[in-house]
Protein chains: 2
Amino acid sequence: MTNATDQDRVLIFDTTLRDGEQSPGATMTHDEKLEIAELLDEMGVDIIEAGFPIASEGDFKAVTEIAQRSKNSRICGLARANLADIDRCWEAVKHAGKNRIHTFIGTSPLHRAIPNLTMDEMADKIHETVSHARNLCENVQWSPMDATRTEWDYLCRVIEIAIKAGATTINIPDTVGYTAPVESADLIKRLIETVPGADEVVFATHCHNDLGMATANALAAVAGGARQIECTINGLGERAGNTALEEVVMALKTRNDIMPWHTGVDTTRIMHISRRVATVSGFPVQFNKAIVGKNAFAHESGIHQDGMLKNRENFEIMRPEDIGLSGTSLPLGKHSGRAALRDKLNNLGYEVGDNQLKDIFVRFKELADRKKEVFDDDIIALMHSGGDDEDHLQLVSMKVVCGTGGPAESTVEMEIDGKDVSATENGDGPVDATFRAIRALYPTDAHLQLYQVHAVTEGTDAQATVSVRLEEDGMIATGQSANTDTVVASAKAYINALNRLIVRREKAGPGADAREISYKDLT
Amino acid sequence: MTNATDQDRVLIFDTTLRDGEQSPGATMTHDEKLEIAELLDEMGVDIIEAGFPIASEGDFKAVTEIAQRSKNSRICGLARANLADIDRCWEAVKHAGKNRIHTFIGTSPLHRAIPNLTMDEMADKIHETVSHARNLCENVQWSPMDATRTEWDYLCRVIEIAIKAGATTINIPDTVGYTAPVESADLIKRLIETVPGADEVVFATHCHNDLGMATANALAAVAGGARQIECTINGLGERAGNTALEEVVMALKTRNDIMPWHTGVDTTRIMHISRRVATVSGFPVQFNKAIVGKNAFAHESGIHQDGMLKNRENFEIMRPEDIGLSGTSLPLGKHSGRAALRDKLNNLGYEVGDNQLKDIFVRFKELADRKKEVFDDDIIALMHSGGDDEDHLQLVSMKVVCGTGGPAESTVEMEIDGKDVSATENGDGPVDATFRAIRALYPTDAHLQLYQVHAVTEGTDAQATVSVRLEEDGMIATGQSANTDTVVASAKAYINALNRLIVRREKAGPGADAREISYKDLT
């Protein structure tokens, strides 16, 4: 909190890297997690839940490094209600200038039944674990999971215990996305009125979007007295996801007249981080998504009717500039120089050193030779499509023949650990044939979970970004590549995913980088 | 209303075909509109807003034919506050067994300024137009557009005038998605308490999702006394879209304990219509979309962790079966017979005649020969990928060579109005080269607005559905095609879009099928 006495300040707690990243298929690499954490820190997020340190070696390393690199944000890790989880969490978050341990237990009848604890036994466990966390860290958050389905008296009792044991934030999760706004506001209000010591801690709200009301529920909880909103970028998260950061932040800004609370988030950073999270998670944002969808602002729709533009204020309550969408985003072209590229990169939120600029400029020129206009999205794709010389598998060349005359044929030449090999395979269409050729050169049991093509800009000469998600023994790896040739982009994305899978296998042995423990393992 | 005295019954007013279809890029063809209307009718939607009859010849024809074919739903058309609009609307909806004229005017200061009417002049206009509508049709809905930004006293005054003039439903639109639940409930409640005659009409709520609260706002309005919710499938609509039908209906069903109202919607039809609207509009649904997203139900995520399955009721508040997602959707294979295919089609909500079954079975066999397993989504794609012999442009054959060695080369052979022609072109990637070859054979100025690839099923042998959206002089045409070869699907989708554009040009002369009038033309 910038000012602990400011009762109108709502803390933004982002859990994109924990609850968001745990959604099936949204797994991010270590570097991607560091990048997203840095963006969250820079945009003014108060608390970053960076992961669940005991869940896997990868989670532990990510939380540790995010803690070490943190600037202004408080770095938080998740821990179940046991001493080993809490110790492991502290080992990771202790490196941050500001840190937090977040420990939780499921308190509803359904969740109590699984570890088979009586109400009294669970109460004792809560006292013990929260005390332990507080002895390690002066900032402790405690959550009664499935709070909205927990008996009222018991909920009050365990919250009081957690506060007495030293919790500084009490989070009330609507774990199954079950609540509605009136209920959400009322629950927080009654808890604050009822539980002894409630006025000395911050109450937090953690909503899921199963019934489409996560944003309204979070804001209602603030009206009821909560002063921390847990949320994710793009509403990423399991099932229908979590409260979307961009929605609560922009709603508070736009309707400050009836919701007189404010956050510390620089809203002009929203669009950039939204795009990055969509890309690294492989979860695209739908056109009609609030705030960050392609159509969310009328002027972005591609149709510029005179009448509409004239009456713009009649149909728009937010300005595109507020979320970092520049109204006058002029494309670059093949005559654009290095300075123009650097300016554009800065506008898009990238700071690059001279060497990096040199490398990007070479690829920019290649692209500009092929495309008349190079749009912002092209440049963002360029920034994130660079290969890595240390990759085990590299594409050398490929040739595909396809059409209606018979099966597609693909010849792929690759360098595998320095050795040049090639194979030709047939398949159902150019992508299938190409993937078969790659598998002929590098056999694998990895299962293709997802294959996606996004045209990042308009026109037939658009760059296509292809995402490929592979799964092997519970390990998931996502590869991406952008190219004006969809088939080449597909091959590179597939090889990219394989390289990531190899790194994971090597680092940790078979299966080790899969999340060994889920927060849903209740025993 | 099935029972006009049932105060717990909430009417569902679907505007997918009007407010949804008007969102930039979501234009549907005549046949697609008829199909969606039929699905809405069958699922128990009370009122279908089928279009804006005066907007274009196409809108008029669609509303007319939907009215003629309607079974149980009431068919509604939109009309601005003038006699010509209302007459045209009546000409279209009069064919339905149950019909409605929906007329509106913008009542907020911003909207009053455009036609430059004083408060009194606008009040007179409302009286005149609503009376006229009521003289034509016994069921009239009136909306004060931008109600949430209209002065309270004036809002009460004009609603009273509309009721006295014969309106049977008063709709309160939150045109810019500006409101919040507490405000939404309070507004309806105070209007019903204040406006004379309010107890004799149905109040409706029409919300937009700009701040992510459309669902909560609509449900709050019901708590405040509204008994009609305006919504669209998948929340389709301009900017961030409208209230999503599936969200309000499932929220009322799931939380009937605190929201004791019910609708007439058969929720098991939700998934099918959601997929159809996503396909025909070209607006995909994001994975983490509430209710209908691919990840909305944990078991659909592709990862089946033992612990999670065991504790399924702990983390799911709705059953997939409730929205028509069958848990045991066994794929068909090449040994599946005609009866199995018919069963599957019936399960998916399709009723086919013997001739149609024969045609689909041939294409099913072709697909089954190429794919090991044919999934539900494959079958849905099959159902909607049939060509039309009457098309002006037909693909005869194509061959593409692409890769890293140089520009892609595509040779396309087409039949254009019965004449065989072929061309070879180079391009950036196989799709660009193919589109160039098609344009060489059939030159056009149509601008490619959107190019999208969806893999409809998992695996490299997945069928890809490609959507292509073309724009020419304000006319928009979307083409789609599904094929295991992405490049072939792209060519067919492009040709499909061109065929649709040709039909539009021919039917109406240049530019005529573009929406000539928008409901935003306020003068």
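Brief remarks follow.
- Filtered residue count, region A:470-485, keeping only those that are within 11 Å of chain B (Cβ to nearest Cβ) and either under 16 Å from the mean Cα position of the chain (by Cα) or assigned to a loop (DSSP other than H, G, I, E, B) (or both): 4
- Within region A:234-262, being free of Cβ contacts under 8 Å to residues at least 40 places away in the same chain and open to solvent by 10 Å² or more (accessible area, probe 1.4 Å) holds for A:Asn256, A:Asp257, A:Ile258.
- Residues considered: B:Glu121, B:Glu128, B:Glu151. Of these, the only one that is under 30 Å from B:Ala216 (Cβ atoms), acidic (Asp, Glu), at pLDDT 95 or above and open to solvent by 60 Å² or more (accessible area, probe 1.4 Å) is B:Glu151.
- Evaluation of A:Glu230 against (1) in contact with a Phe, Trp or Tyr (Cβ under 9 Å, 6 or more places away or on another chain); (2) at pLDDT below 95; (3) of a type outside the set (Val, Ile, Thr) (one fails), failing number: (2)
- Any hit, region A:365-388, residues being surrounded by 12 or more Cβ atoms within 10 Å (Cβ to Cβ) and modelled with pLDDT of 85 or more: no
- A residue that is modelled with pLDDT under 95, within 14 Å of chain B (Cβ to nearest Cβ), open to solvent by 10 Å² or more (accessible area, probe 1.4 Å) and closer than 27 Å to B:Lys289 by Cβ cannot be found anywhere in region A:187-206.
- Checking B:Gly429 against (1) modelled with pLDDT of 90 or more; (2) on the phi > 0 side of the Ramachandran plot, the condition it does not meet: (1)
- Restricting attention to region A:395-421 and to residues that are in a strand (DSSP E or B) and more than 12 Å from chain B (Cβ to nearest Cβ), the residue that is farthest from B:Met398 (Cα to Cα) turns out to be A:Lys419.
- Failed item, numbered, when A:Val265 is tested on (1) open to solvent by 10 Å² or more (accessible area, probe 1.4 Å); (2) at the interface with chain B (Cβ under 8 Å from one of its Cβ atoms): (2)
- Residue in region A:84-95 that is within 14 Å of another protein chain (Cβ to nearest Cβ) and out of contact with any Lys or Arg (no Cβ under 6 Å at 6 or more places or on another chain) present: no
- Subset of region B:268-299 that is under 17 Å from B:Thr215 (Cα atoms) and among the aliphatic types (A, V, I, L, M) - its residue that is farthest from the other protein chains (Cβ to nearest Cβ): B:Ile270
- Each residue in region B:431-450 was checked for being facing chain A (nearest Cβ under 7 Å) and either in contact (Cβ under 8 Å) with a residue 60 or more places away in the chain or of a type in the set (S, T, N, Q) (or both), and 1 of them qualify.
- Where B:Ser108 falls short, out of the listed (1) over 20 Å from B:Ala167 (Cβ atoms); (2) among the hydroxyl-bearing types (Ser, Thr, Tyr); (3) crowded, with 18+ Cβ neighbours inside 10 Å: (1)
- Residues that are more than 17 Å from B:Val487 (Cβ to Cβ) and among the acidic types (Asp, Glu) were ranked within region A:468-505; the one that is surrounded by the fewest Cβ atoms within 10 Å (Cβ to Cβ) is A:Asp473.
So that you can scan it fast, the table gives a plain yes or no per residue for (1) under 30 Å from B:Asn256 (Cα atoms); (2) at pLDDT 95 or above:
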{"position": "B:Thr2", "(1), (2)": "yes, no"}
{"position": "B:Glu42", "(1), (2)": "yes, yes"}
{"position": "B:Ala55", "(1), (2)": "no, no"}
{"position": "B:Gly58", "(1), (2)": "no, no"}
{"position": "B:Ile66", "(1), (2)": "no, yes"}
{"position": "B:Arg74", "(1), (2)": "yes, yes"}
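- Output for region B:101-123, where each listed residue is within 14 Å of chain A (Cβ to nearest Cβ) and part of a loop (DSSP other than H, G, I, E, B): B:Thr107, B:Ser108, B:Ile114, B:Pro115, B:Asn116
- Going through (1) within 20 Å of the chain's Cα centre (by Cα); (2) at pLDDT 95 or above one by one, A:Asp174 falls short only on (2).
- Restricting B:His102, B:His132 to those that are touching a Leu at 6+ places or on another chain (Cβ under 6 Å) and without any contact (Cβ under 8 Å) to a residue 60 or more places away in the chain reduces the list to B:His132.
- Among the residues of region B:224-233, at least one is charged (D, E, K, R) and either within 9 Å of chain A (Cβ to nearest Cβ) or open to solvent by 20 Å² or more (accessible area, probe 1.4 Å) (or both).
- Within region A:3-42, the set of residues being without any contact (Cβ under 8 Å) to a residue 60 or more places away in the chain, among the small types (Gly, Ala, Ser) and crowded, with 19+ Cβ neighbours inside 10 Å comprises A:Ala37 only.
The values are calculated or read from the model by the stated rules, or taken from the named source; none is laboratory data. Remember, it's a predicted structure, so these values are computed and weren't measured experimentally. Heads up, the Cβs are rebuilt from the backbone with ideal geometry, glycines too, and the neighbour counts pull from every protein chain shown. These accessible areas exclude ligands, DNA and RNA; they are computed on the full protein's heavy atoms, side chains included. Shrake-Rupley method; radii C 1.70, N 1.55, O 1.52, S 1.80 Å.
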